[in-house]
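Reviewing the structure listed below.
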Amino acid sequence: MSKIIEIAATVENGKVKLIEALVQEALDAGEDPNLILEEGMIAAMSVIGAKFQRNEVFVPEMLVAAKTMKKGVEVLRPHLTNDSLGKMGKFIIGTVAGDLHDIGKNLVALMIESAGFEVIDLGVDVPPSKFVDALAENPDCKLVGASSLLTTTMAALKDTVDAIHAAGYKGKVKILIGGAPVTQEFADEIGADGYTPDAGSAATKAVELAS
Ligand code: B1M
């Protein structure tokens, strides 16, 4: 079995204790860190999501798969980032109110950090007021990212954009949104400045919005 297939199976089956050594072995064997991430771990989370939808796995299995992926990403982290930290400015990011999903948001944060931004991560279940407070505390920050994984929390993306605009940052701070149910159309509808479907393109878009 290839190392990447083994990593996907390990995430899918939530074998938390095995993942770190396995990712390290794959790196030592010369596997591309981006392939380990995309074809190993992200692919495994999609399989888990599909199984959840078919009632073949439940929340505990999703949780343990998420925990396994997080541990694996920590081993990959130094291989995905570079040392130009902060030269592009600050980037405030969070998962919106009511939403606890953070794997995608963390990957976006990691890629944006590797593009040279200093990332201020507000975590999950972040109310609009907390995004606004973070901007007030970081007046030099010109970019905010908000993530939503549930159709039910997409409205919180709109509330976040509205609150940032109402606080006087419209045109001064750019807002990037994303997450599985989000689309470019939705971003346009709520007045966000950018949308991207994945972490890699989020980093490219952040650089574009910052220039
Ligand atoms: Co949840 N969950 N979950 N879950 N979960 C989904 C999202 C779901 C699609 C599963 C399914 O039914 N197939 C479904 C949502 C359905 C819907 O709304 N349409 C769902 C549900 C229903 C729920 C609960 C309601 C289940 C319940 O309790 N009955 C509940 C809600 C809790 C809450 O948030 N209030 C819930 C709970 C959980 C866990 C806590 C168990 C766990 C999360 C653990 C964690 O994150 N720490 C979990 C998980 C793991 C998933 C799935 C299986 C995997 C999510 C994931 O990490 N994907 C997910 C199914 C799926 O996605 N296929 C599912 C991998 C990750 C790399 O991808 O997050 O999409 P993603 O991020 C991508 C892009 O979207 C994009 O880039 C990322 C990297 O490429 N992106 C951005 C993300 N944010 C961005 C921001 C940007 C730009 C791009 O700019 C700022």
Using amide H atoms built in the peptide plane, which far-off residues or other-chain residues are under 5 Å from Leu143 H to H? Ile92, Lys174
At Asn55 and Asn13, where each label point lies 7 Å from the Cα along Cα→Cβ, what is the point-to-point distance in nanometres? 2.6
Length added when fully stretched, Ala166-Asp140, from 0.36 nm per residue minus Cα-Cα: 7.5 nm
Name the residue, out of Ile177, Ile93, Ile36, whose mean-square fluctuation peaks in a Gaussian network model built on the chain with Cα pairs under 10 Å. Ile36
Please enumerate, by chain and number, the lysines with C-alpha under 23 Å from the C-alpha of Lys67, excluding those fewer than 8 residues away in the same chain. Lys3, Lys15, Lys17, Lys51, Lys105
Regression test value, accessible area per residue of the chain, probe 1.4 Å, units Å², expected 49
Distance in nm between Ser129 and Ile5 label points, each 7 Å along Cα→Cβ, equals 5.3
Förster radius 35 Å - calculated FRET efficiency between Leu63 and Ala210 (Cβ-Cβ, nearest 0.05): 0.50
Report, in deg cm²/dmol and to the nearest 500, the calculated mean residue ellipticity at 222 nm for the chain, where each DSSP H run with n ≥ 4 adds -39500 (n - 2.57) and the sum is divided by the residue count. -16000 deg cm²/dmol
Lys205: which aspartates and glutamates have alpha carbons under 16 Å from its alpha carbon, excluding same-chain residues fewer than 8 sequence positions away? Glu113, Glu118, Asp188, Asp193
Using alpha-carbon positions, the gyration tensor of segment 90-210 gives root eigenvalues a ≥ b ≥ c; with a/c under 1.5 called rounded, otherwise prolate if a/b exceeds b/c, else oblate, the class is rounded
Residues whose modelled amide H sits under 5 Å from the amide H of Thr196, counting only those 5 or more places away in sequence or on another chain, are Ile177
Rounded tilt (10° steps) of 154-164 against the dominant C-alpha axis of the chain: 40
Measure nothing fancy, just the Cα-based angle from helix 3-12's long axis to the longest principal axis of the chain, in degrees from 0 to 90, nearest 10. 70
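The values are calculated or read from the model by the stated rules, or taken from the named source; none is laboratory data. Keep in mind that what you see is a predicted model, and the values were worked out from it rather than measured. Don't worry about glycine lacking a Cβ; one is built from the backbone with ideal geometry, like all the others, and counts go over all protein chains shown. The accessibility values were calculated without ligands, DNA or RNA, using every heavy atom of the protein model including side chains. Shrake-Rupley method; radii C 1.70, N 1.55, O 1.52, S 1.80 Å.
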